[in-house]
């Protein structure tokens, strides 16, 4: 499989899609800025999508904080913000369709059962032999065995081995929530996203997502995975690792720091430069090839 045909499409459409599990932190700003500048430098459209799929981990306050931080840093989307929590009916229709086509199946196996069986399903869920009844069950996408080859716009050619059954991702969780692997593909298709700029921590999911795109009759977007920002302990800067919230009162300073993290030139820009001018200058100078390939 070769993905990354997004360059052939007429209009560039990119997006930034945070999960509202806490306020925006510096690592999130770097990703948001990279996706924004890539879209602006190509004369494209930039969208914001809130991936609020898990109410147990999220809060309305975090959503408001994230959107306020993006606005404070001049990162305004070109279309209304999308909230995945409002798309459940569409996701369910896709799940039902994939099941009816034999591309997804109901799974009653526990994580421990799968671990004990090296990823194989002791209940033969994939063969639709599991009796779910009223038993809680997930829905998994049925992957094909594949040696996936695709082109990353920063990292170059990528190869990933996809193993049927063992790697089958959950698309609807036992708790009743729709899973990231389904929703991200469904919305990229629905919003006609042609290019995705995201952190390299999501790199290993790409081949699986490409198969879901194919099952839904869509061409995958072009991918550009940037290094994740690490804290002093060498961990990914994240809300889980207690990354501090951005100080929205210093947007120009934050943007300059993010540009430096992306190895972009900040010559002639200072913390006193208006945010709009920082973004306009950065877009004109944007060179993703400068980004250090230190994290994969």
Practice problem: Evaluate segment 118-139: report whether one residue or more is in a strand (DSSP E or B), within 30 Å of residue 11 (Cβ to Cβ) and either in contact with a helix residue (DSSP H, G or I) (Cβ under 8 Å, 6 or more places away or on another chain) or at pLDDT below 90 (or both). | Solution: no
Going through segment 60-80 in order, the residues found to be more than 21 Å from residue 250 (Cβ to Cβ) and surrounded by 14 or more Cβ atoms within 10 Å (Cβ to Cβ) are 63, 77
Output for Cβ contacts, cut-off 6 Å, separation at least six or different chains, first residue on the phi > 0 side of the Ramachandran plot and at pLDDT 95 or above in segment 93-108, second surrounded by fewer than 18 Cβ atoms within 10 Å (Cβ to Cβ) and assigned to a helix (DSSP H, G or I), reads none
Those residues of segment 63-87 that are assigned to a loop (DSSP other than H, G, I, E, B) and in contact with a helix residue (DSSP H, G or I) (Cβ under 9 Å, 6 or more places away or on another chain) come to a total of 8
Expected single match for within 24 Å of residue 173 (Cβ to Cβ) and in a strand (DSSP E or B) among 57, 106, 90 is 106
When segment 93-102 is checked residue by residue, the ones that are surrounded by 19 or more Cβ atoms within 10 Å (Cβ to Cβ) and in a loop (DSSP other than H, G, I, E, B) are none
Going through segment 150-195 in order, the residues found to be more than 18 Å from residue 213 (Cα to Cα) and either part of a strand (DSSP E or B) or in contact with a strand residue (DSSP E or B) (Cβ under 8 Å, 6 or more places away or on another chain) (or both) are 153, 154, 155, 156, 157, 173, 174
Does any residue of segment 7-26 turn out to be out of contact with any strand residue (DSSP E or B) (no Cβ under 8 Å at 6 or more places or on another chain), crowded, with 18+ Cβ neighbours inside 10 Å and modelled with pLDDT of 95 or more?
no
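The values are calculated or read from the model by the stated rules, or taken from the named source; none is laboratory data. Everything quoted here is computed from the prediction, not taken from an experiment. Heads up, the Cβs are rebuilt from the backbone with ideal geometry, glycines too, and the neighbour counts pull from every protein chain shown.
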